[in-house]
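Here, each number is a calculation from the coordinates, and none is a lab measurement. This is a predicted model, so every value here is computed, not measured. Cβ atoms come from the backbone with ideal geometry, glycine included; neighbour counts cover every protein chain shown.
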Amino acid sequence: QVQLVESGGGLVQAGGSLRLSCAASGRIVSIRDVSWVRQAPGKERELVAAITSGAIANYADSVKGRFTISRDNAKNTVYLQMNSLNPEDTAVYYCNLKVAAVVGPVFEVVDSWGQGTQVTVSS
């Protein structure tokens, strides 16, 4: 099994910054593709940022230039640095990792999701 623990959400004023973390644990061989998605009340889930195992990053237009996705493979942790936050960024943020892991007697690529962390930006 693979477990993900998210941290770093909270309440911040417009213009402020937060850094989200997503730490993976278990019998991990490697972390492959990583993404952060968010869901605001009454809205569909939105892909915010993604980074490949080769560290190629992509961003939603709404966050480009403000958010940075990164990964520390040695710590099995991924991050989302969020700057210049505005109220439209208010949402629950989830990390999604494709993790190569040993699950029981076999090797699998596990699609893992964090528990979600609330980010609230006040105006």
Item to check | Rounded, prolate or oblate (a/c below 1.5 giving rounded, otherwise prolate when a/b exceeds b/c) for the stretch 53-99 by Cα gyration tensor | outcome: prolate
Item to check | ³J(HN,Hα) computed for each position of the stretch 22-32 - Karplus, 6.51 cos²θ - 1.76 cosθ + 1.60, integer Hz, glycine/proline x | outcome: 9, 9, 9, 9, x, 8, 8, 8, 6, 9, 9
Checklist outcome for this item: The simple spin-label model distance between Val109 and Gln1, using points 7 Å out along Cα→Cβ, in nm, is 2.4 nm
Checklist entry - If you stretched the chain out fully between Ser25 and Asn86, how much longer would it get, using 0.36 nm times the residue separation minus the C-alpha to C-alpha distance? => result 18.8 nm
Checklist entry - If you find the alpha carbon centre of the stretch 1-34 and of the stretch 55-89, how far apart are they in angstrom? => result 11 Å
Next on the checklist: For the chain, set up a GNM with springs between Cα atoms under 10 Å and report which of Ile31, Ile69, Ile56 has the largest fluctuation.
Outcome noted: Ile56
